[in-house]
Amino acid sequence: MMATVYLICGKLCCGKSTYAKQLKVKQKAVVLSVDEIMLAIFGLYAGEKHDEYAANVQTYLFEKSLELIQTDVSVVLDWGFWTKTARYAAKEFYRSRNIECELHYLDVNDAVWQARINQRNQSVMAGKTTAYIVDSALAAKFEAKFEPPAKEEVDVWVSG
């Protein structure tokens, strides 16, 4: 079996990281997460440079994923792929190198999404997890950025 790259797409706080961990076990893959690196280096406060740093981390992780693929290790990219442009660029990055790539989309309704945001925020405030607090402004910012994928973009559609 050839190594595969799994792109995890979905809104902020929709369950991508949980799904990525499940896929890691099922596919014997390595999860590469922008948030994990950003939080390890900057904590919760990367400030105005957050988006720039996150873009640099993504570039690094694309290159690191190639090293893993070359050693026949599958990779789960856990960072949202919020726009059609980002999804297309990622797929082309791998397809141009003859690397199998699947887009997994986590589709949640607004009630589930809000419940997951609340659950995450409570876990962060209780010190049970390290993640970004998602207030209403941040949720609105990312919801405005998010472009749901078309059916033909998606290899695995997960509703929940």
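The values are calculated or read from the model by the stated rules, or taken from the named source; none is laboratory data. Since the structure is predicted, the reported quantities are computational estimates derived from the model, not experimental observations. Note that we place each Cβ from the backbone using ideal geometry, even for glycine, and neighbour counts take in every protein chain shown.
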Checklist entry - If residue 47 passes every condition in (1) under 13 Å from the mean Cα position of the chain (by Cα); (2) modelled with pLDDT under 95; (3) on the phi > 0 side of the Ramachandran plot; (4) not polar (S, T, N, Q) but one, which one does it miss? => result (1)
Item to check | Those residues of the range 131-160 which are surrounded by 12 or more Cβ atoms within 10 Å (Cβ to Cβ), in a loop (DSSP other than H, G, I, E, B) and modelled with pLDDT of 85 or more, in sequence order | outcome: 146, 147, 148, 149, 154, 155
Checklist entry - Taking residue 104 and the conditions (1) surrounded by 13 or more Cβ atoms within 10 Å (Cβ to Cβ); (2) out of contact with any Phe, Trp or Tyr (no Cβ under 9 Å at 6 or more places or on another chain); (3) not acidic (Asp, Glu), which numbered condition does it fall short on, given that it satisfies the others? => result (2)
Checklist entry - Going by the structure shown, is residue 80 among the small types (Gly, Ala, Ser), under 13 Å from residue 10 (Cα atoms), buried (at least 18 other Cβ atoms within 10 Å of the Cβ) and modelled with pLDDT under 95? => result yes
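Under 24 Å from residue 146 (Cβ atoms) and surrounded by fewer than 17 Cβ atoms within 10 Å (Cβ to Cβ): does that describe residue 46? Explain how you work it out, then say what you get.
On the way: under 24 Å from residue 146 (Cβ atoms): yes; surrounded by fewer than 17 Cβ atoms within 10 Å (Cβ to Cβ): yes.
It is true that residue 46 is under 24 Å from residue 146 (Cβ atoms) and surrounded by fewer than 17 Cβ atoms within 10 Å (Cβ to Cβ).
Each row is one residue, and each column tells you yes or no for (1) under 30 Å from residue 136 (Cβ atoms); (2) out of contact with any helix residue (DSSP H, G or I) (no Cβ under 6 Å at 6 or more places or on another chain); (3) not hydroxyl-bearing (Ser, Thr, Tyr).
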residue	(1), (2), (3)
22	yes, yes, yes
29	no, yes, yes
34	yes, no, yes
41	yes, yes, yes
75	no, no, yes
94	no, yes, no
97	no, yes, yes
107	yes, yes, yes
Next on the checklist: Among the residues of the range 114-128, are any closer than 22 Å to residue 86 by Cβ and either surrounded by fewer than 16 Cβ atoms within 10 Å (Cβ to Cβ) or at pLDDT below 85 (or both)?
Outcome noted: no
